[in-house]
Amino acid sequence: MRYLLGFIACSLFALGTLNAQTPKINSSTDIYHAIEKLNFLGTALYIAAHPDDENTRLIAYLANNVKARTAYLSLTRGDGGQNLIGPELRELLGVLRTQELLAARRVDGGQQFFSRANDFGYSKQPTETLEIWDKEAILGDVVRTIRKFKPDVIINRFDHRTPGTTHGHHTASAMLSYEAFDLANDESAYPEQLEATKTWQPKRLFFNTSWWFYGSQEKFKAADKTNLLHMDVGTYYPMLGMSNNEIASLASSQHLCQGFGRLSTRGTEDEYIELLKGDLPKNKSNLFDGIDTTWKRVDGGKAIGDILYNVQENFNFKDPTIHIPALLKAYNLIQSLSNDHWKNIKTEELTSIIFAISGLHLEASTETAYTNPGEEVEVQVQALNRSNLNIKLKSVFLNTQKVAIENEALTNNNLITKKVDLAIPASTNYTSPYWLMEKGTLGTYKVTNEDLIGKPETPRAFNAKFLLDINGTTIPITTPVVYKYAKPDKGEIYHPFEVVPEATASFTDKVLIFADANKKKIPVTIKAHQDNISGTIELKYGKDWKVDANKQNFSIAKKGDEQTVYFTLSPPSTESESIISPILSINGKEITKELATIAYDHVPTQTVLLPSEAKVVRLNIQKAGENIGYIMGAGDEVPTSLEQIGYNVQLIDPASITAESLKKYDAVVLGIRAYNVVDELKFKQRFILDYAKNGGTVIVQYNTASRWGAQFENIAPYDIEISRDRVTNENSEVNIIAKDHSLVHFPNEIDENDFNGWVQERGLYFPDKWSQEFTPILEMHDEGEDASKGSLLIAPYGKGNYIYTGLSFFRELPVGVPGAYKLFSNMLSIGKDKVETNVKIKG
């Protein structure tokens, strides 16, 4: 699969291989494909709410068949979802999904934009979504994107007219797009944006409909299609050697953390879009019909078109360099255009084509992944002309620092290499996603630099600018400074070059539970990002908490090495919550960040700086039992959280499950979506149920409805049907309806106050039908809905107990919600009423 993806990205001229830093490789076919796009002056913008919402079939079709500039505006970065491939959640998950979207666009040929909206979790109504997002701010972001990208047509993924029928984020994205369509051309709307851009009126707004939105294929077949446009997006591209559907499948398969890896599809594929605003095209298979997409749409463009259409018509695949004189002539004419929008776009596109035809290799790389402000790093600059063209390298700058290369003739296949010490200004900002640099709200990221709003990632801090003379025409080409290295098992690898603090500090555990007034030793790990680093570290903590010997010295000799220091933290005598954070002092500079690295093969490695902190909770909690077996599902931090309250948690390899292997556990817990993602469980389910029957406790956390096969009809010992019911308001009222059940009394007394402080939601995918053997414990609902009793069900089974819960413990425990810990402890302790309670907490 890695080979195929690399091939496709190259074939689409886009944009290199899987890693965005890897040099582009372009064949004559790729160059011709790019010239076709160069000669199409039309733009399409696709709008939805999340990563994976986009229709890659339609984006690929518009970019590669229609040849339009095509982009996807995802209002959020998918921060509120789950991760099927690793531990990243919330902010880090948003960074990962951002990169997966960029990887998808490198395959399907589109561009990528975002708003400042934060994916705060599932929302049932767009009204709730828009209130939490700050509608005016996010609407402004949509308007800003339209004004900057200037689409002729906009396509909504979702229907703005059907609130309550899908995720509130989905409908909200369509509602905002519908409103922004007209506001983008209104000078009184968001006038502050007009200092950096101009008003713009798109020609048409569409809704990307299908039979699914009509309820059935039969209803869709019978529907009035007067306002619908139809396209067959399953077209085959002989020059690319692939069909549009194959490209789309590979693009959507980049969403690996959401489990979107899938088989390629081929053949005819019908796609429909419904006109919402604007005029209906006469040709209902062409959404640009009636819109001038030729060079004639810009003043002075006809002369440019005459040149470039001729190049396209007579393209020489064997020796594309013969077109360089004509392309340079067009390049110079483009510089005279009065329309800055198309001038900038077509200059960039044509520069890339000239670069590819000439076989130029221009690179600035380091042998280190990162550096620090105020330091120097050696950069190797390389320039290579692999053609017989007359090319001269006039100058090279690393940002503002000039490299000792001037008016150097680049003869065919003669590599020029120059090493230079690049000075990193002390004022250089650290590398990190721009939307995480300041604390935002639940629904909206804070971005003070308006020039960054909408960008998919933070622009690189250091770039090399090569000024070239090609046959007498001066052309600048800019490329980011990259880190390049090789691994024996992977070969050459390119990564982003980063700027990081001299050192960072982090806690191993992000939540620390104190079950009594005893003090604990708190480890803090300091990591050096510079040789011979030393300084002091102290702990910031809240009222009523105390630290012995708060300031300590540290010294680390080698970059990349770590040192662990310990602080003794004493909790208050009563229940309390607080935040602790380390402060590093190095040469008069205070550093309060921790460094997280996101590294997967399908996306570039990401460096993320976040506030270094941990939540400390003084909690009166009791438990029964010691040994817990945990079967990991889609990935969560519940095992670590349970260890915080003194349980010995062992991760169970599903393949190793036998009747005998489960006997040693006081309870067996299945992680979130275990039955959805762990195929091995279909062979082991009988052992799990037998374990409960023989006296054990089985706790099954939420699974998504109808996403397991017939082999899992018996996920429970009795009948149970999982629905899509959920309670999304984390502050919704919770009633305990089984007031006499031991689950709410032993070993901790549970009352309604234990549901205070929950985050993101109450729970999801609650059962809506169950057999009489089950006892519902809780009742809850969102505003305007009937009460749901399926969030926590328990049934005795043989000598043991079976519990199914859709409560979002996977969100609550890692952030230290006291009531969630008490309730989970009670679930683990069920049936042990006569066993002496053990309250010792590991420390």
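Below, the figures for the structure above:
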read-out: The listed residue being within 29 Å of Phe514 (Cβ to Cβ) and outside any loop (DSSP other than H, G, I, E, B), out of Glu643, Glu721, Glu730; value: Glu643
read-out: Odd one out for Val381, checked against (1) part of a loop (DSSP other than H, G, I, E, B); (2) in contact with a Lys or Arg (Cβ under 7 Å, 6 or more places away or on another chain); value: (1)
read-out: Test: residue in region 735-744 that is surrounded by 21 or more Cβ atoms within 10 Å (Cβ to Cβ) and part of a loop (DSSP other than H, G, I, E, B); value: no
read-out: Residue within region 312-328 that is touching a Lys or Arg at 6+ places or on another chain (Cβ under 8 Å) and touching a residue at least 40 places away in the same chain (Cβ under 8 Å) present; value: no
read-out: Residue, farthest from Ile513 (Cα to Cα), within region 801-827, restricted to residues that are among the aliphatic types (A, V, I, L, M) and crowded, with 23+ Cβ neighbours inside 10 Å; value: Ile803
read-out: Residue selected from region 745-758 under the condition aromatic (Phe, Trp, Tyr) and assigned to a loop (DSSP other than H, G, I, E, B), by the criterion nearest to Gly625 (Cα to Cα); value: Phe746
read-out: Condition check for Glu812: in contact with a helix residue (DSSP H, G or I) (Cβ under 7 Å, 6 or more places away or on another chain) and not in a loop (DSSP other than H, G, I, E, B); value: yes
read-out: Residue in region 285-297 that is assigned to a loop (DSSP other than H, G, I, E, B) and at pLDDT below 95 present; value: yes
read-out: Qualifying position, being buried (at least 20 other Cβ atoms within 10 Å of the Cβ) and either of a type in the set (S, T, N, Q) or closer than 25 Å to Val481 by Cβ (or both), among Leu362, Leu327; value: Leu362
read-out: Complete set of residues in region 764-785 that are more than 34 Å from the chain's Cα centre (by Cα) and either under 14 Å from Lys124 (Cβ atoms) or in the same structural domain as Arg90 (by TED's automatic domain parsing) (or both); value: none
read-out: Single condition Tyr702 does not satisfy, out of (1) in contact with a helix residue (DSSP H, G or I) (Cβ under 7 Å, 6 or more places away or on another chain); (2) within 15 Å of Phe824 (Cα to Cα); value: (1)
read-out: Total residues in region 794-811, condition under 28 Å from Arg90 (Cα atoms) and at pLDDT 95 or above; value: 7
read-out: Pairs, first farther than 20 Å from Pro476 by Cβ in region 373-402, second basic (Lys, Arg) and surrounded by fewer than 15 Cβ atoms within 10 Å (Cβ to Cβ), C-beta under 7 Å, six or more apart; value: Glu378/Lys419; Gln380/Lys419
read-out: Failed item, numbered, when Thr76 is tested on (1) touching a helix residue (DSSP H, G or I) at 6+ places or on another chain (Cβ under 6 Å); (2) of a type in the set (Val, Ile, Thr); (3) assigned to a loop (DSSP other than H, G, I, E, B); value: (1)
read-out: Hits in region 59-80 - residues which are within 27 Å of Leu764 (Cα to Cα) and among the polar types (S, T, N, Q); value: Ser74, Thr76
read-out: Selection within region 592-615 - out of contact with any Asp or Glu (no Cβ under 7 Å at 6 or more places or on another chain), in contact (Cβ under 8 Å) with a residue 12 or more places away in the chain and part of a strand (DSSP E or B); value: Lys593, Glu594, Leu595, Ala596, Tyr600, Pro604, Thr605, Gln606, Val608, Leu609, Pro611
read-out: Any chance Ser74 is outside the structural domain of Ser253 (by TED's automatic domain parsing) and either modelled with pLDDT under 95 or under 13 Å from the mean Cα position of the chain (by Cα) (or both); value: no
read-out: Pick from region 294-310, criterion under 38 Å from the mean Cα position of the chain (by Cα) and surrounded by fewer than 18 Cβ atoms within 10 Å (Cβ to Cβ), ranking: nearest to Lys67 (Cα to Cα); value: Thr294
read-out: Asn407 vs. criteria in contact with a strand residue (DSSP E or B) (Cβ under 9 Å, 6 or more places away or on another chain) and within 23 Å of Asn316 (Cα to Cα); value: no
read-out: Strands (runs of 3 or more DSSP E) fully within region 456-522 counting 1 or more residues that are in contact with a helix residue (DSSP H, G or I) (Cβ under 6 Å, 6 or more places away or on another chain) and touching a residue at least 40 places away in the same chain (Cβ under 8 Å); value: 473-480, 511-514
read-out: Pairs where the first residue, in region 116-137, is at positive phi and part of a loop (DSSP other than H, G, I, E, B) and the second is surrounded by 22 or more Cβ atoms within 10 Å (Cβ to Cβ) and of a type in the set (D, E, K, R), C-beta under 8 Å, 6+ apart; value: Gly121/Glu761
read-out: Near pairs, Cβ below 6 angstrom, 6+ apart or cross-chain, from region 524-545 (assigned by TED's automatic domain parsing to the domain that holds Ser573 and among the polar types (S, T, N, Q)) to any residue that is crowded, with 17+ Cβ neighbours inside 10 Å and assigned to a strand (DSSP E or B); value: Thr525/Ser506
read-out: Residue tally, condition touching a strand residue (DSSP E or B) at 6+ places or on another chain (Cβ under 8 Å), crowded, with 16+ Cβ neighbours inside 10 Å and more than 19 Å from Ala503 (Cα to Cα), over region 578-604; value: 2
read-out: Glu761 vs. criteria under 34 Å from the mean Cα position of the chain (by Cα), acidic (Asp, Glu) and outside any strand (DSSP E or B); value: yes
read-out: Flag if Phe158 is in the same structural domain as Trp211 (by TED's automatic domain parsing), in contact with a His (Cβ under 9 Å, 6 or more places away or on another chain) and among the aromatic types (Phe, Trp, Tyr); value: yes
read-out: Flag for Glu313 being surrounded by fewer than 16 Cβ atoms within 10 Å (Cβ to Cβ), among the charged types (D, E, K, R) and not assigned by TED's automatic domain parsing to the domain that holds Ser249; value: yes
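For every residue, the table says whether it meets (1) crowded, with 17+ Cβ neighbours inside 10 Å; (2) basic (Lys, Arg); (3) at pLDDT 90 or above; (4) on the phi > 0 side of the Ramachandran plot.
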{"residue": "Tyr494", "(1), (2), (3), (4)": "yes, no, yes, no"}
{"residue": "Pro501", "(1), (2), (3), (4)": "yes, no, yes, no"}
{"residue": "Ser506", "(1), (2), (3), (4)": "yes, no, yes, no"}
{"residue": "Asp516", "(1), (2), (3), (4)": "no, no, no, no"}
{"residue": "Thr525", "(1), (2), (3), (4)": "no, no, yes, no"}
{"residue": "Ala528", "(1), (2), (3), (4)": "yes, no, yes, no"}
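Per-residue answers, yes or no, for (1) on the phi > 0 side of the Ramachandran plot; (2) in a loop (DSSP other than H, G, I, E, B); (3) among the small types (Gly, Ala, Ser):
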residue: Ile322; (1), (2), (3): no, no, no
residue: Pro325; (1), (2), (3): no, no, no
residue: Ser336; (1), (2), (3): no, yes, yes
residue: Ile354; (1), (2), (3): no, no, no
residue: Leu362; (1), (2), (3): no, no, no
residue: Ser365; (1), (2), (3): no, no, yes
residue: Thr368; (1), (2), (3): no, yes, no
residue: Gly374; (1), (2), (3): yes, yes, yes
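The values are calculated or read from the model by the stated rules, or taken from the named source; none is laboratory data. Predicted, not measured: the structure shown is a model, and the values here were computed from it. Neighbour counts run over all protein chains shown; Cβ positions are idealised from the backbone, glycine included.
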